[in-house]
Amino acid sequence: MNMERWGRIAFYIGLVIAVIAGFANVGDLGVAALVVLGIIVGALNVTGKEIHSFLVATIALLLVGSVLSALPAFGGVLQAILDHFLAFVGGAALLVGLREVFQITKAQ
């Protein structure tokens, strides 16, 4: 199995865990698993030409997260799903951001 497929599988697993975590408490171990899966996804799926788009999308998700808690009926569940998804994407953003900083400083 090629690396791109492993990255795609890690993404789907992280997405499913984030949704489940919106309804059930996955604890610290679940959040740690999301971060590790995010790092795997960042290493295997985010290529050089996608870095800026990925980081901007991550920032947009962070901003949207504060709005969802204000929704009356489903705000809590949506907020929990997004919080866990952000832990997942945050792991990828950490790796991708560090990789980008390294590339920028290496070029100069």
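The values are calculated or read from the model by the stated rules, or taken from the named source; none is laboratory data. Keep in mind it's a predicted model, so treat the numbers as computed, not measured. Cβ: placed from backbone, ideal geometry, glycine included. Neighbour counts: every protein chain shown.
Okay, residues lined up against (1) surrounded by 17 or more Cβ atoms within 10 Å (Cβ to Cβ); (2) modelled with pLDDT of 90 or more; (3) of a type outside the set (Ser, Thr, Tyr); (4) within 28 Å of Ala24 (Cβ to Cβ):
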residue: Ile81; (1), (2), (3), (4): yes, no, yes, yes
residue: Leu94; (1), (2), (3), (4): no, yes, yes, yes
residue: Leu98; (1), (2), (3), (4): no, yes, yes, no
residue: Gln108; (1), (2), (3), (4): no, no, yes, no
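Do we find a residue being at pLDDT 90 or above, among the aliphatic types (A, V, I, L, M) and over 14 Å from the mean Cα position of the chain (by Cα) anywhere in the range 28-45?
Yes, that holds for at least one residue.
Yes or no: the range 16-26 includes at least one residue that is in a helix (DSSP H, G or I), of a type in the set (Gly, Ala, Ser) and at pLDDT 90 or above.
Of all residues in the range 16-26, those in a helix (DSSP H, G or I) come to 16-23.
After this cut, where a residue has to be of a type in the set (Gly, Ala, Ser) as well, the list is 18, 21-22.
Then drop every residue that is not at pLDDT 90 or above, which leaves 18, 21.
Yes, there is a match, as at least one residue in the range 16-26 is in a helix (DSSP H, G or I), of a type in the set (Gly, Ala, Ser) and at pLDDT 90 or above.
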